[in-house]
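Note sheet for the following structure.
What follows is calculated from the coordinates using simple rules that are stated; it is not laboratory data. Fair warning: this is a prediction, and the values are worked out from it, not measured in the lab. Cβ atoms come from the backbone with ideal geometry, glycine included; neighbour counts cover every protein chain shown.
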Amino acid sequence: MPLCIPGETAVCIHISMADDLSRIAVWDPDEVIIRVARGIQVRDVLREVRDILMIDLGAPASRGGPLRCFCGMRVELPCELLPRVVAAGVG
């Protein structure tokens, strides 16, 4: 599996929480970040983020598994979402 190394061509995608977004999740190519709206159901957030990763960015399929960057590395969820994911039984 390829590694995303800062300064190299491939840069891993990160996820961050944001206020006042017009959608559940928004891709920001300038920052290489998927911005996620606060207060949205975790299942909806995961579905939107997976769609952005797989459809828009060409990441490997991750239905039911961990989110993956287009390089194949695991994409970590923000800590703010993690307690909600565990409580919702999503993972």
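Taken together, the residues in the range 30-44 that are closer than 12 Å to PRO78 by Cα and assigned to a loop (DSSP other than H, G, I, E, B) amount to 1. Any residue that is in contact with a Lys or Arg (Cβ under 7 Å, 6 or more places away or on another chain), within 16 Å of HIS14 (Cα to Cα) and not in a loop (DSSP other than H, G, I, E, B) - is there at least one of those in the range 59-68? Yes, the range 59-68 contains at least one residue that is in contact with a Lys or Arg (Cβ under 7 Å, 6 or more places away or on another chain), within 16 Å of HIS14 (Cα to Cα) and not in a loop (DSSP other than H, G, I, E, B).
Considered as a group, the residues in the range 35-50 that are without any contact (Cβ under 8 Å) to a residue 24 or more places away in the chain and closer than 19 Å to PRO66 by Cβ include one that is nearest to the chain's Cα centre (by Cα), and that residue is ARG50.
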